[in-house]
Every structure is written in C-alpha cells, then in structure tokens.
Amino acid sequence: VAAGRCSRYPDLSLTDLVAELDGETSRLAALEAPLDPISDLRAVFSWSYDSLDEESRRAFRLLGLRPGHEIGMPAMAALFAVDIAAARRLVDKLVDANLVREHRPGRFVLHDLIRDYALEMGSEKESGEALLRLVSWYTHSLVAASEADGRSFRLMSLDPVVDGVTPLSFATSPQARAWGDREWLTMGSAVRLAVRAGLLGPAYQLVNKMFSLSMRHPPAETVPLQELGLDAALRAGQHVDAAYIRNQFGISRARVGDLAGAISEFRGAAEV
C-alpha cells in the first residue's frame, strides 16, 4: 500500500512518507488505498469491528487508550469498568476477531495501526472517563503495593477510587514489588496520557505514588516524570502537593549528581 502511494504521488519523498507513517494521527490516512478497497486498512479493520456486539466494540475502542506496549487483565477491567471475569470474556472476543493478541499469558497487545483505528472510533467523553479509571486504578494499586512493602507513607491526599475500579491487593512484599516493576514503564505512559488529556490531579498523584518504585529504576526514567508531575501540580494550583513532588524531585536530582539542583528543590519544598 505504501509503495502504491509513492507511485500515485511521485513528488512525495520517502522521507515524507516515513514521517506520515510515524505520526499517530496520520498513519491510517497515509496507508489509504482509494483505488483498491480490499487493501484499505480502515475498511479491513471495520469488517472485524462491525462483527462485534456493542459491548465488545466499546472494549475495543477503550483498548486504544492502553498506555505502553501491553496491558494486563486487571488494568483492562479498570479501563472497561467491569470485573475480571467480564474483562476476560470481552478480550476473548477481541482475540477471536484478530483485533488483539495475547502475546504472553495475561498480557495483551494491539498492533499500532489497529490501535490508531480504535482511537479514531472512540469519543472524547468515553476516552476521558476510561483514562481516569485507569489512572485511578494504578494510583490506588500503588498505595496497596506500598503498604504491602512496608512503605505506607501518605503525605499527599489522594482522590478517592473512581467508580467501577477495583485496585489490586498484595499478600507479600515480593509480590507487590514484582507488580510495580512490571508496570513501571506503563504507569509512566499513563501519566503522559493523563497530562495530555488535562487530568492534572490524577497525573501528579500517580507520579507521587510512583516514588517508592523510582529508587529501583534509573533516574533518567524518573526525572522526566517528576518534571511532568510538578508542572501538573503547579498548573492545578496545588502548591503543597507540588512541594511534595519537588522534594522527591530533589532526591532524583541528587541521584544523578546534580547536588545544586537538588538543594534548590529541597529549599523550594521547605519554603512551602
């Protein structure tokens, strides 16, 4: 299809085509095949989508929001606002329709182009509500993980658990740590999605609760998230919460050897 597009538009450089294929909002358009409906990706995806019942279509649209490369069953349950058993039934239908793939037990992926199609089919209201549920699930599951790991500090007030969300619980510290490390990158992606959607409070609260995990991960992964969280708290006008994040940010800056920057963050937090 890409080769056909180049032949139809000889002035389109390969660099321009790659740029189109690299953009989340333009990939499907770049691969349109108006002279060959059988090869048009939106048409092909629609055959699978249209074969689903409405509940499964909704689940597919919401899966387009999934942060990171993959998503597990409990996170999907939060995204869909259903219990685990119902989430399993829904995702099984999507797997049968070849829209989702279980690439390892309990972990599911969507091809990037199929994800683009899912996002196109969703509404802003539906997507915003689902993303709020997912971030709430991560935040309160992290609270449970911290308590299981013996780190039950809660300086910052958190929003209550969103309706339709059941956070995880953990029996042991190793179990809690294993879950947190497995979900670390996905939670970072969820923060970025939340900020982009204007969910400032949920975004910075998740950043705050990720701090206990951050000490087991490179500061290069932590610092950008804390910068996002600090900016979100300040934009939301929550200066005390911003001070808590600034204090955590200072620790991360110290970890990378930026002692002057760390002292500046600590002083800024102490003033508040």
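The values are calculated or read from the model by the stated rules, or taken from the named source; none is laboratory data. The shown structure was predicted, so the numbers you read here are calculated from the model rather than taken from an experiment. Virtual Cβ from ideal backbone geometry, glycine too; neighbours counted across all protein chains shown. Heads up: the accessible areas ignore ligands, DNA and RNA and are worked out on the full protein's heavy atoms, side chains in. Shrake-Rupley method; radii C 1.70, N 1.55, O 1.52, S 1.80 Å.
How high is the relative contact order of region 120-208, in percent, counting Cα pairs under 8 Å that sit 6 or more residues apart?
So the answer I get is 37 percent.
Choose one of Pro218, Ser146, Pro167: the residue whose Cα lies farthest towards the positive end of the charge dipole of the chain (beta-carbon charges +1 Lys, Arg; -1 Asp, Glu; about the Cα centre).
Ser146
Tilt of helix 200-209 relative to the longest C-alpha principal axis of the chain, in degrees (0 to 90, nearest 10)?
Roughly 60 degrees, rounded to the nearest 10.
How much of the accessible area of the chain, in percent, comes from carbon and sulfur atoms when a 1.4 Å probe is used?
55
About its Cα centre, what dipole magnitude does the chain give when the only charges are +1 on Lys and Arg Cβ and -1 on Asp and Glu Cβ, stated in debye to the nearest 20?
800
Which one of Val95, Gly237, Val44 is farthest out on the positive end of the charge dipole of the chain, using unit charges on Cβ (Lys, Arg +1; Asp, Glu -1) and the Cα centre as origin?
Toward the positive end, the furthest listed residue is Gly237.
Note the full-extension length gain between Ala43 and Leu113 as 0.36 nm times their separation in residues minus their Cα-Cα distance, in nm to one decimal.
Gain on extension, Ala43 to Leu113, equals 23.9 nm.
List, in order, the whole-Hz ³J(HN,Hα) value for each residue of region 236-248 obtained from phi through the Karplus relation with A = 6.51, B = -1.76, C = 1.60 and θ = phi - 60°; use x for Gly and Pro.
Once rounded to whole Hz, the list reads 7, x, 9, 6, 5, 4, 4, 5, 4, 5, 4, 5, 5.
Let's test the formula: R0 of 22 Å, r as the Cβ-Cβ distance of Leu259 and Arg151. What FRET efficiency results, to the nearest 0.05?
FRET efficiency, Leu259 to Arg151: 0.30.
Only four residue types carry charge here, +1 at the Cβ of Lys and Arg and -1 at the Cβ of Asp and Glu. Report the dipole size of region 116-272 about the Cα centre in Debye, rounded to the nearest 20.
460
Determine the equivalent ellipsoid of the chain by diagonalising the alpha-carbon gyration tensor, then write out the semi-axes as square roots of 5 times the eigenvalues, largest first, rounded to whole Å.
Each semi-axis is √(5λ); the values are 37, 24, 15 Å.
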